[in-house]
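Step one of this worksheet: look at the structure below.
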Amino acid sequence: MIPFTFARATSPEDALGLAALEGHRLLGGGTNLVDLMRKGVEHPVTLVDVTALSSDISETAQGGLLIGGATRNTALAAHPLVRTRYPVLSRAILAGASAQIRNMATVAGNILQRSRCAYFNDPAASRCNKRLPGSGCDAREGLNRYHAILGGSASCISAHPSDMCVALVALDAQVHLLGLAGARTVPLAEFYRLPGETPQIETVMAPGEIITAIELPPLPVAARSAYRKVRDRASYAFALVSVAACASVQDGVLTELRLAFGGIAPKPWRALRAEQALLGGPVTRDAVFAAMDLELAEAAPLAGNAFKLELARRTAFAVLADLTGETA
């Protein structure tokens, strides 16, 4: 372990000042950062404990929710307003990790967790453009079962690891940021960058910026929502494909739909093409598969993950059929 120093932030402004210093990394629960330090991927000079920052969950004037960045995942999943108004979020968090990890992990840390790609996590034996720009991407010709089929590039095909963020993208969550230039709000759907030629730049955050909160809009359709995660084993594992959906049906047709996927792209993937194709029609297998074909039209699967195309279609239909009561 490389020696490092430790500091504790007691206010957002305090955290901002420390985060702006070279070599300083913010520490929430440490469920990702500490692992990366042990593996030699991360080498912080100073860890800045930000668990004293806001962990409040409060109702906004508009009827949405404001969630402090230091909120523990367990507290968020168990909150009565989350369970009743946004059940997809509670279910995604519960699917994401063991109780011990949820008890430690924070909302901001979950959003900022880094790739779980085996090649990214092995600096001793692999090439990874995300870890060392210009070194190559061993995943393209290697073991890519868990990797992206949409949104990847020649430089990186790592899939985003979060379950919680798939639900948040479906719910139109907003990220509250604080930086040296002041405060700003960014839609979570626009917060992550696709890898392109610079996979090491993962978000739109400016240097030194911190996440202070996440905001959920009032969204009546979210009361009827679901999350399904397909993985290699029943115990906690990263998604091969996951689906977050909110749906409203009247007279047998979809009148409102929000659909997002995990496990298939370098960021939580909002399926806007599929949504538009399905709105105004019934939820049938043929309709969902046709809509998913539109969504997956630009997919670039590799030898190890081509099965995700069919798995995404089938999982989307299963989730929407359950939500709407359709069977065919």
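The figures follow:
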item: Phe307 - accessible surface, heavy atoms, 1.4 Å probe, Å² rounded to 10; result: 70
item: Per residue value of the accessible surface for the chain (all protein chains in place, 1.4 Å probe), Å²; result: 44
item: Charge dipole magnitude, Cβ of K and R +1, D and E -1 - the range 224-324, Cα centre, debye nearest 20; result: 420
item: Two-site FRET efficiency, Arg224 against Leu294, from Cβ-Cβ distance with R₀ of 22 Å, rounded to 0.05; result: 0.40
item: Environment charge at Ala139 (Cβ cut-off 13 Å; Lys +1, Arg +1, Asp -1, Glu -1); result: +3
item: Within the chain, longest stretch clear of exposed GluC sites (Glu not before Pro) (DSSP loop, no more than 13 other Cβ within 10 Å); result: 23-140
item: Accessible area of the range 27-112 belonging to carbon and sulfur atoms, whole % at 1.4 Å probe; result: 54
item: Sparse-neighbourhood loop sites, trypsin sites (Lys or Arg not before Pro) in the range 183-251 - DSSP loop, at most 12 other Cβ within 10 angstrom; result: Arg233
item: Gyration tensor over alpha-carbon atoms, the range 184-328, equivalent ellipsoid semi-axes in Å; result: 27, 20, 15
item: Of all accessible heavy-atom area on the range 224-326, the percent that carbon and sulfur account for (1.4 Å); result: 50
item: Alpha-carbon centroids, the range 91-129 and the range 3-62: separation in whole Å; result: 16
item: Which of Leu272, Leu76, His43, positive extreme of dipole for the chain (C-beta unit charges); result: His43
item: The range 132-197 versus the range 250-308: alpha-carbon centroid distance in Å; result: 19
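The values are calculated or read from the model by the stated rules, or taken from the named source; none is laboratory data. Quick caveat: nothing in here was measured; it's all calculated off a predicted structure. Cβ sites come from the backbone with ideal geometry, for glycine too, and all protein chains shown count toward neighbours. Only protein heavy atoms, including side chains, enter the accessible area calculation; ligands, DNA and RNA are left aside. Shrake-Rupley method; radii C 1.70, N 1.55, O 1.52, S 1.80 Å.
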